[in-house]
Amino acid sequence: MVYVGLTGNIASGKSEVSRLLAEHGATVVDADVLAREAVEPGTPGFERVVARWGREVLAPDGTLDRGRLRHIAFGDGDELEALNSILHPMIGKLRRARVTEARKQGASVVVYVAPLLFERHIAREFDSIILVDAPRETRLRRLVEQRGIGMDDAMNMISAQMPAELKRARADFVIENDGSIEELEQQVNDVWQRLTVSEERSSLAV
């Protein structure tokens, strides 16, 4: 099994790339999905978030108001680190369980999608790392126009992450997502071919 880390700064296009990889046959585990699971009502993560920030981060239906929590966290570095200290141990536990299950089921390529792969110091756990990148201005526009996030919050979210230039130097593959969908698909196809060659070599070695 080839274990791949897929990363990229916010609004770079990780979700689209992971979708394309899944179409090729990869098993995808997404940190954002795990983060939502970690703070569902009734979970220890949910209780810790409410204990830390109070009921002001709750929506009328009793779930977390993610927009409100995002505004608080990305507006202050200490608040963001407090949130990460709650979420990431739980995300890590869920991730390991999902990857173990995928391995048992015979998955040949498992892709873990994580925006903070380098920031959380887990890069060494992967056989290969794919970075999805796009210009800062493009990512800012996507956050504001496509996701409806306010300009101030969008800029804070971008500024909170490690510069993409530092990540590019540490990635095995870089996918440029500032062109057409056809160009993106071709890049993903190329990466997939190289990943599956790696998987075949690993199988032969065993």
Discussion item. Please compute the length gained on full extension between E40 and H121, using 0.36 nm multiplied by the number of residues separating them and subtracting their Cα-Cα distance.
Written reply: 26.6 nm
Practice prompt. Extending each Cα 7 Å along its Cβ direction at D76 and E185, get the distance between those two points in nm, one decimal.
Written response: 4.7 nm
Item to complete: Select from I181, I72, I129 the residue whose mean-square fluctuation is largest in a Gaussian network model of the chain (Cα-Cα springs shorter than 10 Å).
Response: I181
Worksheet entry | Candidates A154, A11, A22, ranked by Gaussian network fluctuation over the chain, Cα under 10 Å, top entry | A22
Fill in: Label-reachable residues, the stretch 115-130, where backbone N falls under 18 Å from a point 7 Å from R103's Cα toward its Cβ
122-129
Worksheet item: For the stretch 113-123, what does the Karplus curve 6.51 cos²θ - 1.76 cosθ + 1.60, with θ = phi - 60°, yield as ³J(HN,Hα) per residue in whole Hz, taken in order and with x for Gly and Pro?
Response: 8, 8, x, 10, 4, 6, 4, 8, 6, 10, 4
Worksheet item: Using modelled amide H (1.01 Å from N, peptide plane; none on Pro or chain starts), what sits under 5 Å from the amide H of L6, excluding residues fewer than 5 places away?
Response: Y112, V113, A114, I130
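Do the sum for the chain: with -39,500 (n - 2.57) for every DSSP H run of n ≥ 4, divided by all residues, what is the mean residue ellipticity at 222 nm, to the nearest 500 deg cm²/dmol?
Computed mean residue ellipticity for the chain: -17000 deg cm²/dmol.
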Item to complete: Describe numerically, in nm with one decimal, the distance between label points set 7 Å from Cα along Cα→Cβ at R55 and at R147.
Response: 3.0 nm
Fill in: Label assignment, Cα Rg over 2.2 N^0.38 Å derived from the structure, set (1) 1.06; (2) 1.28; (3) 1.11
(1)
Discussion item. If the only charges are +1 at each Lys and Arg Cβ and -1 at each Asp and Glu Cβ, what is the size of the charge dipole of the stretch 2-205 around the Cα centre, to the nearest 20 debye?
Written reply: 620 debye
Worksheet item: Where is the GNM fluctuation largest for the chain (alpha-carbon springs, 10 angstrom cutoff): L20, L166, L131?
Response: L166
Worksheet item: With each pseudo-label sitting 7 Å past Cα toward Cβ, what's the D178-D32 distance in nm, one decimal?
Response: 2.1 nm
Worksheet item: Which of the DSSP-defined H helices in the chain satisfy a minimum axial length of 18 Å, computed from C-alpha atoms, and a minimum mean Kyte-Doolittle hydropathy of -1.0?
Response: 77-104, 181-205
Discussion item. Can you classify the stretch 69-118 as rounded, prolate or oblate using the Cα gyration tensor, where a ≥ b ≥ c are the square roots of its eigenvalues, rounded means a/c under 1.5, and otherwise it's prolate if a/b beats b/c and oblate if not?
Written reply: prolate
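Taken together, the values in this text are just the output of simple stated rules run on the coordinates, not laboratory data. This one's a predicted model, so the numbers in the text were calculated from it and none came from an experiment. When we count neighbours, we look across all protein chains shown, and the Cβ atoms used for this are built from the backbone with ideal geometry, even at glycine.
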